[in-house]
Amino acid sequence: MITLTKLNGKAFTLNAVYIETIEAFPDCTITLSNGKKYVVKETVEEVTSQVEAFYKRVGLFAVMGQGGELHE
């Protein structure tokens with residue numbers, strides 16, 4: 001789970017496993033695998049960093065090799 005901030009200033013927690021895309025429109029827009037979208041105050045880089053940290057905490061983080069192969 002990662003904690004983010006909606007544009008109205010309210011914090012909420014999101015299960016990062018369901019994130020499909022993170023884009024800047026210019027506000028950071030997160031699209032989940034079910035199609036739901038969240039617009040947040042954090043930057044794409046900040047959200048990406050939180051997602052990576054979450055994946056590491058729960059053991060889902062894998063490192064990509066130079067050829068694009070997946071390493072556990």
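So that you can scan it fast, the table gives a plain yes or no per residue for (1) at pLDDT below 90; (2) exposed (fewer than 15 other Cβ atoms within 10 Å of the Cβ); (3) of a type in the set (D, E, K, R):
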{"site": "A24", "(1), (2), (3)": "no, yes, no"}
{"site": "S33", "(1), (2), (3)": "no, yes, no"}
{"site": "Y38", "(1), (2), (3)": "no, no, no"}
{"site": "A53", "(1), (2), (3)": "no, yes, no"}
{"site": "K56", "(1), (2), (3)": "yes, yes, yes"}
{"site": "G59", "(1), (2), (3)": "yes, yes, no"}
{"site": "A62", "(1), (2), (3)": "yes, yes, no"}
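What's the number of the only condition in (1) in contact (Cβ under 8 Å) with a residue 12 or more places away in the chain; (2) part of a strand (DSSP E or B); (3) out of contact with any Cys (no Cβ under 8 Å at 6 or more places or on another chain) that T21 fails to meet?
Looking at each condition in turn, T21 falls short on (1).
Do we have G68 as loosely packed, with under 11 Cβ neighbours inside 10 Å and at pLDDT 95 or above here? Break it down stepwise before answering.
Details: loosely packed, with under 11 Cβ neighbours inside 10 Å: yes; at pLDDT 95 or above: no.
No: the conditions fail for G68.
Could you check how many residues of region 24-45 are closer than 13 Å to I2 by Cβ and in a strand (DSSP E or B)?
Summing the residues that are closer than 13 Å to I2 by Cβ and in a strand (DSSP E or B) in region 24-45 gives 5.
The values are calculated or read from the model by the stated rules, or taken from the named source; none is laboratory data. Bear in mind the structure is a predicted one, so any value in this text is a computation, not a measurement. Heads up, the Cβs are rebuilt from the backbone with ideal geometry, glycines too, and the neighbour counts pull from every protein chain shown.
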